[in-house]
Amino acid sequence: MPTAVVTLKTTEDRDNLIVQRPASGLSLQGHIRVPGDKSISHRALMLGAIAQGETQIQGLLLGEDPRSTASCFRAMGAEISELNTELVRVQGIGLGLLQEPVDILSAGNSGTTMRLMLGLLASHPGHFFTVTGDSSLRSRPMSRVVKPLQQMGAQIWGRQSGSLAPLAIQGQQLSPIHYQSPIASAQVKSCILLAGLMTEGQTTVTEPALSRDHSERMLRAFGAEIKLDLETNSVTITGPAQLTGQNVIVPGDISSAAFWLVAGAIVPGSELWVENVGVNPTRTGILEALEMMGADIKMENQRVVAGEPVADLRVRSSSLKACEIAGDLIPRLIDEIPILAVAAVFAQGTTVIRDAAELRVKESDRIAVIASQLNRMGARVTELPDGLEITGGTPLTGIDVDSHTDHRIAMSLAIAALNASGTTTINRAEAAAISYPDFTPTLQQICG
Ligand code: S3P
């Protein structure tokens, strides 16, 4: 069986991932376990740090982003054991008892760390905090969380009226609000709910479409009073809350599984099993989109693990057709749009993705970057202000492409390279370690 040659060339902190496709006959086979869910990993570390007693976490993602969360909370007094996938122990310090950090907190590349943490810091009376991140995070909008926090009475300063990090926060006793968020964002929703933890009364967030609900599930499991109104997409937290440490089992990340689902779908003759994947309905938009495109995906062994639905997924290659993706589906697959664009390149017809302007303010401008990099390989991708138009069916050619330091772009391009003739080099592929440190060895494994 011909195999693709996957090699990593490392020079000074930079990885170039080289994917060399055989002239014919590549097919992908194997069983894969994807790393722990990034969103759940952040939340387990944060809630563990502010709860009373010990939290035990199994299956934590060891990516750079959760490491940033752990280091911020260690700097505020939480005892977090060495991070590993087997068992991480977090000795919670108790709600309202974060220590004032002696230095600037760094969220690295992680928007989730910064935005969720801001809700906790702003509602922590008597302490002063400064928060920053890498150059990508310092250019991402923080006003979406700073504004509602200011409505609650928070004192936050930063560039452009507090909309860009570095930010300085003087913790305050806040007042509850009912916030109508203009965007469907789990980071915004979670930030306000975390601020509501220590705020006396009912704090409510209403969003235009339902975003991922991991915070609601986990806050409830830790003992907070959470009310949901699914008709209006509203969540209410009653503060002050009492949180008690829990055992969290982190399922595999469907956002990481998505790369293999698309790889298995587009490389002829493939069959892949991705095991232990979180299939929370607020995250399974990618499965619905791939099914609309005619992908052959089967879900088996469905179960609930520590309050989150989990399943094993099998994908077999099939011919794909274009589809239209917009509206309420978007927040349920927001992180998967770059890899969905790769699927669309190999589908018959023109796929249109709309209502996804949020992609422009992710780790990179994902609309511009995925369009430009796939077009370098010969695809026909047009940028829309709020999405992409992708005409499939044009063969791709291997060439040098660039991740723009965005983890999901790096991995999406590596999957596109499996179906491109010749050799593709993905520059700055080290970005994958943000959410998937073992991406390259897994790619090597399934390529035989
Ligand atoms: C996340 C929410 C999403 C997602 C991000 C993780 C979370 O961001 O894109 O990767 O863990 O809450 P938005 O809330 O900005 O949509």
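Given the criteria among the hydroxyl-bearing types (Ser, Thr, Tyr) and open to solvent by 30 Å² or more (accessible area, probe 1.4 Å), does Ser135 qualify? Here the answer is yes, as Ser135 does meet what is asked. Each residue in the stretch 238-263 was checked for being closer than 25 Å to Gly53 by Cβ and within 16 Å of the ligand (Cβ to nearest atom), and 3 pass. Scanning the stretch 204-219 for residues that are in contact with a strand residue (DSSP E or B) (Cβ under 6 Å, 6 or more places away or on another chain) and within 16 Å of the ligand (Cβ to nearest atom) yields Val205, Thr206, Glu216, Leu219.
For the residues Trp260, Trp273, the requirement of being under 30 Å from Arg316 (Cα atoms) and surrounded by 24 or more Cβ atoms within 10 Å (Cβ to Cβ) singles out Trp260.
Scanning the stretch 322-361 for residues that are acidic (Asp, Glu) and under 19 Å from the mean Cα position of the chain (by Cα) gives Asp328, Asp335, Glu336, Asp355, Glu358. Listed by first and then second residue, the pairs linking a residue in the stretch 338-362 that is in the same structural domain as Gly387 (by TED's automatic domain parsing) and part of a helix (DSSP H, G or I) to a residue that is within 16 Å of the ligand (Cβ to nearest atom) and hydroxyl-bearing (Ser, Thr, Tyr), with Cβ atoms under 8 Å apart and 6 or more places separating them unless they lie on different chains, are Pro338/Ser412; Ile339/Ser412; Ala341/Ser412; Val342/Ser412; Glu358/Ser185. If only residues of the stretch 320-362 that are within 14 Å of the ligand (Cβ to nearest atom) and small (Gly, Ala, Ser) are counted, the one that is surrounded by the fewest Cβ atoms within 10 Å (Cβ to Cβ) is Ala357. Of the set (1) more than 10 Å from the ligand (Cβ to nearest atom); (2) of a type in the set (Val, Ile, Thr); (3) open to solvent by less than 10 Å² (accessible area, probe 1.4 Å), all apply to Ile177 but (3).
Would you confirm whether or not the stretch 162-170 contains a residue that is free of Cβ contacts under 8 Å to residues at least 24 places away in the same chain and either buried (at least 16 other Cβ atoms within 10 Å of the Cβ) or among the charged types (D, E, K, R) (or both)? Yes: one or more hits. Among the residues of the stretch 52-64, write down those that are touching a Lys or Arg at 6+ places or on another chain (Cβ under 9 Å) and surrounded by 24 or more Cβ atoms within 10 Å (Cβ to Cβ). Result: Thr55, Ile57, Leu61, Gly63.
Screening the candidates Val88, Val5 for the property of being buried (at least 18 other Cβ atoms within 10 Å of the Cβ) and either at positive phi or of a type in the set (A, V, I, L, M, F, W, C) (or both) yields one hit, Val88.
The values are calculated or read from the model by the stated rules, or taken from the named source; none is laboratory data. For clarity, every value in this text was computed on a predicted model and none was experimentally measured. No Cβ is skipped: glycine too gets one built from the backbone with ideal geometry, and neighbour counts run over all protein chains shown. The area values use the complete protein model at the heavy-atom level, side chains included, leaving out ligands, DNA and RNA. Shrake-Rupley method; radii C 1.70, N 1.55, O 1.52, S 1.80 Å.
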